[in-house]
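Comments concern the structure below.
The values are calculated or read from the model by the stated rules, or taken from the named source; none is laboratory data. None of the values given here were measured: they were computed from a predicted structure. Ideal geometry is used to build each Cβ from the backbone, glycine not excepted, and the neighbour counts take in all protein chains shown. Only protein heavy atoms, including side chains, enter the accessible area calculation; ligands, DNA and RNA are left aside. Shrake-Rupley method; radii C 1.70, N 1.55, O 1.52, S 1.80 Å.
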Amino acid sequence: MTDNSDKKPSGKSQNRKPLSDKTPSGAEKQRARKERFIAEKHSKSTTIPSPSKAADSKATNRTTRGPSRDDRSSYRGRPPTESGYGKKLREDIRDDQNLGGDQVYTKRSDIEPAKGGERLARGAKRVDLPMGRLLYHVLAVLDEATSSDSPIDRALASHFSNIKGRLTDRDYARIRDMVWGVVRRYRRLLWWLEIKGQTLQMRKLLLADLALTHGKTLQDITNFCKGGGGYLKRLTDSEARALSSMEGSDLTEGTMPEAVLLECPSWAEAGLREVFGDRFGVEVAALNDPSQLDIRVNPFKGNREDIIPRLEKAGCKVEVLDWLPHGIRIHDHCKKAHLPFYERGEFEIQDAGSQVLSVMVAVEPGQRVVDFCAGAGGKTLAMASEMDNRGQLVACDVHNKRLGRAAQRLKRAGVFNAERKVLESERDPWVKKNKGKFDRVLIDAPCSGTGSWRRAPDSKWRRDETDLAELVALQESILTSAARLVKPGGRLVYATCSLLPCENEEQIAGLLRSRPDFKLIPIKQIWEAQMPLSPPEYLDDMLRLTPARNGCDGFFAAVLVREEATPVVTKSAESSEPAESTSTEASE
């Protein structure tokens, strides 16, 4: 055979560079860096043992160059490490291999629950927030309500919608309770800030509430205020001195004025003292109690005797309000929206006091009735049931959105004799066009809401003397304008959820002076004719309901009747015989 070992390679092969001397491309450099990074990152990881040679080879390969694309899966988790869940993970994998099963990584969410406030991973369990982070959300709600001058419930709903799904149900309840707690103790907390030389800030009110109501020490509050994301800012020296002086003190101090102890705002104190006299303390204290849930059974779709056992079966603790035709009180506030008979319109949510006002209108089937300030239509629904869907019922309001909600409730309740009318103002041309055409006119006028402080305690701190004066002027304009709708012999019912005389008795007195054709009907007469039980002894010519006496929200109502035209006797110039002529008073 010919020996070719000494032969030189051809020219083409001689000029070719060795493979190892080839310059790597950019992609190859990036791949090499990635392999070195993975190898260094997992160099300390222990190789997962396997009973088979293929598994040993695969584990060795994974240790040196990291997991391949096929081995990495978002459903199998990350490669095991030496700390935390990694140890537990390797034990689970080792057990699976000993049992002959496939190698499957345990999800991190199965081992560690998601922290409060973070987005929930698949299969993770939410944990409650620590107090420091909880206070961050409480202050955010209070600041939002203050800056936007919006009700607390609206600020809570807005904040919860922004963090939906990031907190536990218990955290939502804790935030809600702490926010409402600061609002219900507002004036007492403010009194403490004033004597400690602190300015009014929602943050300082919250810190004072922690010290005085929840008994937290300065060190506790300092630990809560860590600063940074998700926590309150660190305490200032002034805040620390004030909180230190509050340690061991109670929220209620013996030197507090009576109005401060009762959480009564200064703009309403004089009017409430005028109305209640010696009962001022008892009546105002009852306005601070939690409210209950009252419902009105819809006679179009059921009756009280039928719905009570169904409510009890659904887990509700109920009480029959026998002084109302269709009233029931639920004491444990069960989830009414989840009850199918609520969704079918078999009952409506309506306070007992509001139900009384609806009865005092004394509507009859076939009449023409107008609810001048209908809002969401609660009293419109009650009057429609008394009219048995016969006659004409007009729900008026200047807010289109509120009347839109009323349309949904009317449809659900099976009411079809009601129509809606959006007014531009209380002087809308529709009023002049329909003057003297209605048998009943109900005016549930906008007011200061002093009777509903149990449900909206924040409203007392969002008003002042200027707001009250504007409301009184608006009520007078509404009452004067709506009175034109009443026909002779018809009735005008003026009502508010306020207890102040400037919004109630004084408004009625002003109308009677300007419209002598209206006369006041004693409320006892209507109560005896319309209500199941006899009227209370304390009832006067006008109706006033209070939480202390009646267990419902505070309401006022007065019923007036427009007198029929009276005949006027005149003497004829040609004869001494008397001649009768009818004259209608032009008091429009």
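Per-residue accessible area (protein heavy atoms, 1.4 Å probe) orders K379, K216 as K216, K379, starting from the largest. For the stretch 306-418, the fraction of C-alpha pairs more than 25 angstrom apart is 24%. Each residue of the stretch 176-190 was assigned a 3J(HN,Hα) from its phi angle through the Karplus expression (A = 6.51, B = -1.76, C = 1.60, θ = phi - 60°), giving 4, 5, 5, 5, 5, x, 4, 5, 6, 10, 4, 5, 5, 5, 5 Hz with x at Gly and Pro.
Note on the stretch 177-312: Rg/Rh from Cα positions, Kirkwood definition for Rh, rounded to two decimals, is 1.16.
Of all beta bridges that DSSP places with both ends in the stretch 438-561, some 65 percent have antiparallel geometry.
Among residues other than G414 whose Cβ falls under 15 Å from its Cβ, what is the net charge (Lys/Arg +1, Asp/Glu -1)? Around G414, the charge tally is +2. Computed in the context of the full set of protein chains, the accessible area of the stretch 397-484 at 1.4 Å probe radius has 48% of its extent on carbon or sulfur. Working note: Karplus 6.51/-1.76/1.60 with θ = phi - 60° gives the stretch 277-287 the couplings x, 5, 8, 4, x, 5, 5, 6, 4, 5, 5 Hz, where Gly and Pro are set to x. Normalised per residue, the accessible area of the stretch 477-540 is 39 Å², obtained with a 1.4 Å probe and no contribution from ligands, DNA or RNA. Compute the signed sum of charges (Lys and Arg +1, Asp and Glu -1) over the other residues within less than 10 Å, Cβ to Cβ, of L500. Summing Lys and Arg as +1 and Asp and Glu as -1 gives -4.
In this structure, the amide hydrogen of V394, modeled 1.01 Å from its nitrogen in the peptide plane, lies closer than 5 angstrom to those of V369, V370, D371, E419, counting only residues at least 5 positions away or on a different chain. Given their separation in residues at 0.36 nm each and the Cα-Cα distance between them, E312 and M256 gain 15.7 nm when the chain is fully extended. Here the 3J(HN,Hα) profile of the stretch 292-298, calculated from phi with Karplus coefficients 6.51, -1.76 and 1.60 at θ = phi - 60°, is 9, 10, 10, 10, 10, 5, 7 Hz, Gly and Pro shown as x.
Of the accessible area of the stretch 491-541, computed with a 1.4 Å probe over protein heavy atoms only, carbon and sulfur atoms account for 48 percent. When both the stretch 420-445 and the stretch 154-186 are represented by their alpha-carbon centers, they are found 40 Å apart.
For the pair R513 and N303 in one chain, pulling the backbone fully straight at 0.36 nm per residue adds 71.2 nm over the alpha carbon distance. Between A285 and D149, residue separation times 0.36 nm minus the direct Cα-Cα distance comes to 46.4 nm. Note on R166: accessible area is roughly 70 Å² with a 1.4 Å probe, heavy atoms of protein only. With a cut-off of at most 16 other beta carbons within 10 Å, and DSSP calling the residue loop, which GluC sites (Glu not before Pro) in the stretch 397-505 qualify? Please list them. Taking the stretch 397-505 and a limit of 16 other Cβ atoms within 10 Å, the loop GluC sites (Glu not before Pro) found are E424.
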